[in-house]
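Asker: So that we are looking at the same thing, I have put the structure below in structure tokens.
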Amino acid sequence: VINSLGTKYKNSFNIQKIKKYKKFSNVRIIGMGGSTLGTQAIYSFLNHKIKKKFLFLDNLKPKRKIDNQKNLNLIISKSGNTIETIINVNIFIKKKDNNIFIVENNQNYLHNLAKKLKSEIFYHNNFIGGRYSVLSEVGMLPAELMGLNSRNFKQLNNIVKNKKFLNSLIASVSSTLSFIKKKKFNSIILNYDEKSHNLFSWYQQLISESLGKNNKGLLPVISTMPKDNHSVMQLYLDGFKNNFF
């Protein structure tokens with residue numbers, strides 16, 4: 001998993017092989033949770049550099065009127081058996097669409113469907129969990145399709161050498177442990193930046209799925225500011241005291 005954060009990690013896709021898909025200006029990414037959250041954060045922050053339209057089908061969607069536009073669909077599911085992803089694929093994919101699948105290399109539903117459709121298949125490494133997968137093919141293939149250079153995201157070595165980052169990381173972990181000892185289990189994220197919403201949604205998953213085990217964990221809540229100043233702020237200021245901000 002750590003290797004995927006650095007430049008030595010070998011993606012399962014080949015830059016030359018995906019060149020033909022870069023011509024598509026409309027791309028739909030179909031997946032749930034870790035299959036799309038990191039990519040959505042990239043898209044939100046770098047949208048000003050991206051000249052293409054990316055639509056994320058990351059929940060069950062009502063059936064819309066089928067357009068006649070030719071789409072590129074990128075279907076991502078580690079297990080290949082994610083029921084909501086399968087439903088969206090069956091609803092939204094049209095015969096004339098081009099499709100790329102990122103799944104584990106075994107006999108799962110989406111892998112078998114990709115073969116049946118004769119679609120491009122790239123494999124999701126089984127040792128990388130979905131929520132940690134943004135710097136593997138799961139996030140880097142979409143980044144390339146957005147016209148971004150995936151190698152520019154591989155900053156592990158620079159981060160490790162950065163003392164400010166390490167000091168900040170240690171301070172954050174120390175503070176979090178201190179709050180947990182005081183039985184403050186609700187982590188309220190006061191978000192004043194719209195572009196950060198997808199980043200915090202991804203963070204929410206990372207914290208919940210990683211720590212929410214054995215009757216332990218934190219509940220990360222994204223609070224949209226300044227709107228929430230006029231709804232839940234009274235609770236934050238004068239309600240129960242098991243939150244930290």
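The values are calculated or read from the model by the stated rules, or taken from the named source; none is laboratory data. Please read all numbers here as calculations on a predicted model, not as lab measurements. Counting neighbours? That spans all protein chains shown, and the Cβs are built from the backbone with ideal geometry, glycine included. For the accessible areas, the whole protein counts, side chains as well, though only heavy atoms, and no ligand, DNA or RNA atoms are used. Shrake-Rupley method; radii C 1.70, N 1.55, O 1.52, S 1.80 Å.
Asker: Roll a 1.4 angstrom probe over the protein heavy atoms and tell me the percent of accessible area of region 127-203 that is carbon or sulfur. Before the final figure, lay out the partial values.
Answerer: Values: 2750 of 4650 Å².
On region 127-203, the fraction of accessible area on carbon and sulfur atoms equals 59 percent.
Asker: With a cut-off of 8 Å between alpha carbons and a minimum separation of six or more residues, what is the relative contact order of the chain in percent?
Answerer: 22 percent.
Asker: Using the Cα centre as the reference, give the magnitude of the dipole from point charges on the C-beta atoms of region 94-162 (Lys, Arg: +1; Asp, Glu: -1; all else neutral), rounded to the nearest 20 debye. The partial results should precede the final answer.
Answerer: On the way: 10 positive and 5 negative charges, 34 e Å.
Roughly 160 debye for region 94-162.
Asker: Another question, then. If each of Lys49 and Met233 carries a label point 7 Å out from its Cα toward its Cβ, how far apart are those two points in nm?
Answerer: That separation, rounded to one decimal, is 3.6 nm.
Asker: Also, I was wondering about something else. Under a 10 Å cutoff between Cα atoms, tell me which one of His48, His197, His111 has the largest fluctuation in the Gaussian network model of the chain.
Answerer: Looking only at His48, His197, His111, the largest GNM fluctuation is found for His48.
Asker: Tell me the per residue accessible area of the chain using a 1.4 Å probe; a whole number in Å² is fine. If you can, show how the numbers build up before the last one.
Answerer: Working: 14460 Å² over 245 residues.
Computed with neighbouring chains in place, this is 59 Å² per residue.
Asker: Test of understanding: in a Gaussian network model of the chain with alpha carbons linked when under 10 Å, which of Gln234, Gln155, Gln205 would top the mean-square fluctuation ranking?
Answerer: Evaluated over the chain, the most mobile residue of the options is Gln234.
Asker: Only one of the values (1) 19.0; (2) 19.8; (3) 22.9 was calculated from this structure for Kirkwood radius over Cα pairs in Å; name its label.
Answerer: (2)
Asker: Another one. What does the C-alpha gyration tensor say about the overall shape of region 26-96? Classify as rounded when a/c is under 1.5, otherwise prolate if a/b is larger than b/c, or oblate. Kindly include the intermediate steps, with their values, before the conclusion.
Answerer: Details: a/c = 2.06, a/b = 1.16, b/c = 1.79.
Verdict is oblate for region 26-96.
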